[in-house]
Every structure is written in structure tokens, then in C-alpha cells.
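The structure appears below as C-alpha cells.
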Amino acid sequence: MIRAILVEDDTVFRQCVKKVLSSRYPSIQLMEAADGMEAMFKIGLLPPDLIFMDIELPGKNGLELTRMIKARNPNALIVILSNHDLTEYRETAYRNGANYYVSKDAPIGDLFSLVERIIGNRLTEEIAEEISL
């Protein structure tokens, strides 16, 4: 099972994304957080494999949180979600440790394709670990 957290302050957007991801990918245990403080608390309790991070959050923004999370858990995969589909934002997200960047305006299929790639890669890694044991 893949553990994930969706960090998004917009309740409606967060609930919609959670509903869509949970129904399409029941193998993902999906937590949610409305801000950075809640996210860091939940991540500290049960470190996720995958983090969907809004770039604009109250308090610490998604880029600051990404740096903090990567310092503690460099293997966590972080997908930045943003309303701004600009090269500067993408480059800044990657410089701060994000693995992926998805515009909130992109077709939902783009997010599905990314999640399927991530799930496929994680399952391949798990199988390889089991074989080597």
C-alpha cells in the first residue's frame, strides 16, 4: 500500500482531488492536511511515500515545506500542485526538491498518468526488494 498526503488549503479542491484519487486508486492510503503545520504533524506520525503539495499555503508555503520534508525524508516523492503553469514556478519547485509539478488547470488525466507511473515504479521497487531478500 502506498501512503500519500494531499496538502491543500482549498477545502473544495482538496475534497474533489481526494475523492477522485481514492476512487481511482484504492491502493493509496490518502491523508489530507489544510496547511503546513497540520501536514508536518501528520507526516511526522506516518511518513508518506507520496505528497501532493499546494504551492501556496497559509503559514509556510509549499516550497518551504518541500525543503523541510526532503531534508528529513529524501525518498518521499513530492508533486507540487499550482495554479501557475509558468516555467519560473516549475524551476523553483524543482530547485526546492519537488519531484513533479502539475498545474491545477491541467486535464485530470495528466495527474492520473503521473500517479500511475509513480505507483508502477513503487511496485517495481517493492518487488525487486522482495526478490533480493
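What follows is calculated from the coordinates using simple rules that are stated; it is not laboratory data. Fair warning: this is a prediction, and the values are worked out from it, not measured in the lab. Every residue, glycine as well, gets a Cβ built from its backbone with ideal geometry; the counts of neighbours run over all protein chains shown.
Where [x] 14.4, 47; [y] 13.4, 37; [z] 14.2, 44 are the candidate values, the label of the one calculated here for Rg and Dmax of the Cα atoms in Å is [z]. Panel order for SER82, SER27, SER113, by other beta carbons found within 10 Å of each beta carbon, from fewest to most: SER27, SER113, SER82.
Between HIS84 and VAL20, the simple spin-label model (points 7 angstrom out along Cα→Cβ) gives 2.2 nm. Put +1 on the Cβ of each Lys and Arg and -1 on the Cβ of each Asp and Glu in the chain; which of PRO107, MET40, VAL12 then has its Cα farthest toward the positive end of the dipole? The residue sitting farthest along the positive end of the dipole is MET40.
Quick check on the exposure proxy: order THR92, THR11, THR66, THR87 from fewest to most C-beta atoms within 10 angstrom.
Neighbour counts put them in this order, fewest first: THR87, THR11, THR92, THR66.
Fully extended, how many nm does the chain gain between GLN29 and GLU64 (0.36 nm per residue separation, minus their Cα-Cα distance)?
Details: separation 35, 0.36 × 35 = 12.60 nm, distance 2.43 nm.
Stretched out fully, the GLN29 to GLU64 stretch lengthens by 10.2 nm.
For a label point 7 angstrom out from the Cα of ARG95 toward its Cβ, which stretches of the stretch 48-64 have the backbone nitrogen within less than 14 Å? Under 14 Å, as judged by backbone N against the label point of ARG95, lie 63-64 of the stretch 48-64. Our estimate of slack between PHE13 and ASP105, defined as 0.36 nm per intervening residue step minus the Cα-Cα distance, is 32.0 nm.
With respect to the chain, whose longest principal axis is taken over its alpha-carbon atoms, helix 11-24 is tilted by about 20°. For the chain, lysine pairs separated by 8 or more sequence positions, or belonging to different chains, with Cα-Cα distances below 21 Å total 8.
For ARG3, the residues whose modelled amide H falls within less than 5 Å of its own, excluding neighbours fewer than 5 places apart on the same chain, are GLN29, ASP49, LEU50. The C-alpha atoms of the chain define a longest principal axis, and helix 36-45 lies at about 20 degrees to it. Taking amide hydrogens as placed 1.01 Å from N in the peptide plane, the amide H of ILE78 sits under 5 Å from those of ILE51, ASN99, TYR100, each at least 5 positions away in sequence or on another chain. By other beta-carbon atoms within 10 Å, ranking ILE28, ILE43 with the fewest at the front produces ILE28, ILE43.
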